[in-house]
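Student: Got a structure for you, written out below as structure tokens; questions coming shortly.
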Amino acid sequence: MSESEQVKVRERLLAQALQGEIPTHVAVIMDGNGRWAEARGLPRSQGHHQGIKSVREAVIGSVELGIRYLTLYAFSEENWLRPASEVAALMDVLVTYAASEEEELHERGVRVTAFGDLDRISPEARSAVEVLEAATRGGEALRVNLAISYGSRSEIARAAQRLVVEALAGRLSPEDVDVDRFARELYMADVPDPDLLIRTSGERRLSNFLLWQIAYAELFVTPVLWPDFDRTHLFEAIRDYQRRERRYGRVEA
Ligand code: IPE
Ligand code: IPE
Ligand code: MG
């Protein structure tokens, strides 16, 4: 397909998607960078760097659609177990991303926030993320949440721990601990649960991502590797989502 044909397909999908219900919150497990690089005889780090372009596409596409929250799994707690050189490359991607995208994100009204065990990431990555958060604080078009050094089980255990601390201090009684109170201790307490979870690279698993929050999210798995992902793929996922019937366990009266 020529480039102008591709643009036509993309614009048509966008127009169709805009006629339907747009999910408020989309979460993405950005997977397949390593395989993308390996298929080209490149080091895995090249795949991670190439993934920045796809993040840009996902962000622009989300703004075009009017999605309010986009949550991206950038680095898992388990990813710390990868070789040190790859971990370093991934930290470098964060630094590069923060520096190269800051201006455009700000201009587009995109606010970026990060969550996870951020104390563990490199000082350079930590400060790059903090600078990006500060520079985009006023953005109201879209909020992008970056999950960095994140693991859902740890997040849930941490929430339980915080409630216990409150209880032992006499500020909380056991009967106050319900689903809503618990959710207030999670990182994204101020963000509604994802409506749609996209995973690239064909893997059909959650890899410790947002286990609590995706209780009723619709799942969309695409074989596309993350560095090949663009807006058109996002629009396709949204079109697929719009054909779903979300029942939440109920039946029609
Ligand atoms: C996703 O790509 C990026 C991170 C997990 C940080 P991978 O590095 O997992 O790529 P594959 O799955 O090995 O192809
Ligand atoms: C999940 O991908 C983590 C991120 C995308 C950041 P992984 O590649 O780490 O997950 P597994 O190992 O395939 O489950
Ligand atoms: Mg992977």
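Student: If a/c stays under 1.5 just call it rounded; otherwise compare a/b with b/c (prolate if a/b is bigger, oblate if not). Do that for the range 121-253, with a ≥ b ≥ c from the square roots of the Cα gyration tensor eigenvalues. The partial results should precede the final answer.
Tutor: Working: a/c = 2.01, a/b = 1.23, b/c = 1.64.
Oblate is the answer for the range 121-253, as a/c is 1.5 or above yet b/c matches or exceeds a/b.
Student: While we're looking at this one, here's another question. Averaged per residue, what accessible area in Å² does the chain show with a 1.4 Å probe, protein chains only?
Tutor: Value for the chain: 52 Å² per residue.
Student: Next question, about the same structure. For the chain, build the charge dipole from Cβ charges (+1 Lys, Arg; -1 Asp, Glu) around the Cα centre, then report which of 7, 241, 118 sits farthest towards its positive end.
Tutor: Result: 241.
Student: Right, here's the next one. To the nearest 0.05, how large is the calculated FRET efficiency for residue 88 and residue 140 if R₀ is 25 Å and r is the Cβ-Cβ distance?
Tutor: 0.10
Student: Which of rounded, prolate, oblate describes the range 176-253, given a ≥ b ≥ c as roots of the alpha-carbon gyration tensor eigenvalues and a/c under 1.5 marking rounded, otherwise prolate only if a/b is larger than b/c?
Tutor: Here the range 176-253 falls in the oblate category.
Student: Between residue 212 and residue 179, with labels modelled 7 Å along Cα→Cβ, what's the label distance in nm to one decimal, could you check?
Tutor: A separation of 1.3 nm, rounded to one decimal place.
Student: Next question. Exactly which GluC sites (Glu not before Pro) in the range 76-171 are in a DSSP loop and have at most 14 other Cβ atoms within 10 Å?
Tutor: 140
Student: Next question. Where a ≥ b ≥ c are the square roots of the eigenvalues of the C-alpha gyration tensor, would you call the chain rounded, which needs a/c under 1.5, or, failing that, prolate if a/b is larger than b/c, or oblate?
Tutor: oblate
Student: Give me the percent relative contact order of the range 103-253, please, defined on Cα pairs under 8 angstrom at least 6 residues apart. Don't skip to the answer; put the middle values down first.
Tutor: On the way: 157 pairs, mean separation 28.6, N = 151.
The normalised contact order for the range 103-253 reaches 19 percent.
Student: Could you check the spin-label model distance between residue 244 and residue 96? Points 7 Å from the Cα along Cα→Cβ, value in nm.
Tutor: 3.2
Student: A further question follows. Taking amide H positions as placed in the peptide plane 1.01 Å from N, state which residues far from residue 76 in sequence (5 or more) or on other chains have amide H under 5 Å from it.
Tutor: Here 149, 150 satisfy the definition.
Student: Taking all protein chains in place and a 1.4 Å probe, what share, in percent, of the accessible surface of the chain do carbon and sulfur account for?
Tutor: Percent of accessible area from carbon and sulfur atoms in the chain: 49.
Student: Return the long-range amide H neighbours of residue 199 (sequence gap of 5 or more, or a different chain), with a cut-off of under 5 Å between placed amide H atoms.
Tutor: For residue 199, whose amide H was placed from the backbone, the distant partners under 5 Å are 29, 220, 221, 222.
Student: So if a site counts as exposed when it's one of the trypsin sites (Lys or Arg not before Pro), its DSSP state isn't H, G, I, E or B, and it has at most 14 other Cβ atoms within 10 Å, what's the longest stretch of the chain without one?
Tutor: Within the chain, the longest run free of exposed trypsin sites (Lys or Arg not before Pro) spans 41-136.
Student: Something else about it: Going through the range 211-253, which GluC sites (Glu not before Pro) have at most 16 other Cβ atoms within 10 Å and a DSSP loop state?
Tutor: Those that pass, being in a loop and sparsely packed, are 245, 252.
Student: Let me ask you something else. May I ask you to list, by number, the DSSP H helices of the chain whose Cα span along the axis is at least 20 Å and whose average Kyte-Doolittle hydropathy reaches 1.6 or more?
Tutor: Length and hydropathy pass: none found.
The values are calculated or read from the model by the stated rules, or taken from the named source; none is laboratory data. Values in this document were obtained by computation on a predicted structure and should not be read as measured data. With ideal geometry, Cβ positions are generated from the backbone for all residues, glycine too; neighbour counts draw on all protein chains shown. We work out accessible area using only protein heavy atoms, side chains counted, and drop any ligands, DNA or RNA first. Shrake-Rupley method; radii C 1.70, N 1.55, O 1.52, S 1.80 Å.
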